[in-house]
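Rule-based calculations on the coordinates, nothing more; no lab input. Everything numeric here is computed off the predicted structure, so don't read it as measured data. Every residue, glycine as well, gets a Cβ built from its backbone with ideal geometry; the counts of neighbours run over all protein chains shown.
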Amino acid sequence: MSELDEPFDVRMSNPADLAQKSVRLDPDPSDQESTAKAAHTSLTNGVTHATILGNRLGLGAPLALLVFAVAFVLRYVHVQQAWDIFIDEITYSSIAESVAQHHTVAFFGVPFFLHPPFVFLEQALFIDAFHVHGSIFAVVFALRTVNVLFAAGSAVFMLRIGTRLGGTAAGLVAAGLFAFDPFLIRFDSRVFLEPSTLFWLLVGYATLFNALERKGRSRLAFAIIAGLAMGLAVFSNEMAIPLIVIPLGACLVFGFPYPRRAILATVVSFGLLLAVFLLAVAADGQFHNLISQQASGLLRLVGANQETGFNKPGAPSFISRVLVHLSGYGAVYAVLGLAIVPTFYFLFRGTRALRLVSLMQLSAFAVISYQILFGTLEEQMFYYVEVPAVLIFALGVVRLLQIRPRSGRVWALSVVSVLAVATMVIVDAITWIEIHTTPDTALISAITWVDFHVGSGTRVAPLIDTSQLLVNNYQVFFTETPKQIRKDRPAYVITSSLQAAQGYGFATPSLLRWLRANAHSDFVRTGRTYGTVVVWRLGYPASPDQPPGVPQVNAHLPKYPVGEG
């Protein structure tokens, strides 16, 4: 008997008793009503027949390859033009280059422990394997492929987990919604930490569910592998910790939904991997840097230090950003909302495996709720909520369709669910077409224009949070007021209307008004990420003999022609 499908029973104290029970995908209702029994039997038979049919037709590998290909194509098409370069991409790509070239996890020579190092090791391997070199633009665009591959792999594991827990239909719905989700595509198509993190998290849970279906040494081996995969998720981004520690912690502390013995090997291997990492850092003499930077990150996360995010003073409100993205991300918001009901349903009436997935979803909901109310709320945090929400929603829809007998209410809910899924896919497809056929290269083009039209040594003031793009050959200043501009006398100023409006970067709406009245716009380009990016020419000498002020940054501008710049 597989513990994967065995319902939790508080009266069971001996896990060995599970082997003597019949296979059930839902717990028997306490009232033992015949209608509930019929629904339970229908669910069992439906899932079993779908799984047997899929196996007989040999659809496992072809379906996985199809899902991988669709998810990959939806993210890779126009991956350079559809998404403008982002500050985190520059940071992470620079760290990956440091790992590849100098074998140190460092940012401009400073050890980097604000996030765990595994993603940078993966990217460094890609750089070495494919001989990636050139400007920062070239490196960023090459490393975007890594995340596209991880996301395509995640789609396959969504198919795997969905099929294992709810049948082939549930797996296909979960993988399909994941593949088309525009919010997930947005992060999967850039050099961020989330795609790798969720890939290893899904690998961990898929392997754990596989282990729970086995016995003997193979069960132990798969359980250990599951713990190691979950450890790699944490090594990719510490945001994975709640999605692992809370569900597995519930098993250890309460024996719910799995008894302690069932997941002990996974927990031990997970803990040992973390311990080995900490010992390695300590042996390298970097433990102080690790603690210091992680503490700084934790203070930001809990909201004690609001440097970024929607809760930052002066930043746009969370609700305003939701409304701005409503037309494109409406289906995403619907999944997040509709996933709440099946999450609680499966928590109380699902199999052990479904209850464990529900705990993972509740962990994500709890974290994001705290971030919305008190913490540093940033958009990428919703990635950790959306992925399990897609899985839970898909399982809930298929579960609803399998209920027998079908009352009028069940029929109505089933029709609404099918229409909801179809509408989500259509809306997501329309959003995908709009995004991937409209170039978003305003900042890339502006930087490239400066590279071709502004001589080295020129005084430039990039009032955006991607000033690392300007390196060595330029005297770079950060000027926030007209008075400071008159003091520093930069020949050119680069601004972003969207960053100014949202309180990021160095420019303000009032400074933009001053520039419109006192400077000439030599280059103008508009995109989704930065709004209108303008290169302003102020008429000051490019490189005066005795320049006032002291340059704050010296760097070299990358040479990578993009767009019409």
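A few comments on the model shown:
- Ranked by how many other beta carbons lie within 10 Å on average, peptides 302-309, 172-179, 95-102 from highest: 172-179, 95-102, 302-309
- Summed residue charge, Cβ within 12 Å of Tyr540's Cβ, Lys/Arg positive, Asp/Glu negative: +4
- Summing charges over neighbours of Thr479, with a neighbour being any other residue whose Cβ is under 12 Å away from its Cβ, gives +3 when K and R count +1 and D and E count -1.
- When the alpha carbon coordinates of region 15-436 are projected onto the principal axes, the ranges are 68, 49, 45 Å, largest first.
- Burial ranking of peptide ranges 216-224, 476-484, 523-531 (average Cβ count within 10 Å, highest at the top): 523-531, 476-484, 216-224
- Quotient of Cα Rg and 2.2 N^0.38 Å for region 388-482, N being how many residues it contains: 2.11
- Prolate/oblate/rounded call for region 266-423, Cα gyration tensor, a/c under 1.5 rounded: oblate
- P(r) histogram, all alpha-carbon pairs of region 152-282 included - 5 Å bins from 0, percent: 2, 11, 17, 21, 21, 15, 9, 4, 1, 0
- Residues with amide H under 5 Å from that of Val191, placed H, sequence gap 5 or more: none
- Taking amide H as placed 1.01 Å from N in the peptide plane, the amide H of Arg528 sits under 5 Å from none that are at least 5 places away or on another chain.
- Taking θ as phi - 60° and the Karplus parameters 6.51, -1.76 and 1.60, the scalar couplings of region 514-523 work out to 5, 5, 4, 8, 10, 9, 9, 7, 7, 9 Hz in sequence order, x denoting glycine and proline.
- Charge context of Phe183, other residues only, Cβ under 15 angstrom, K/R +1, D/E -1: -3
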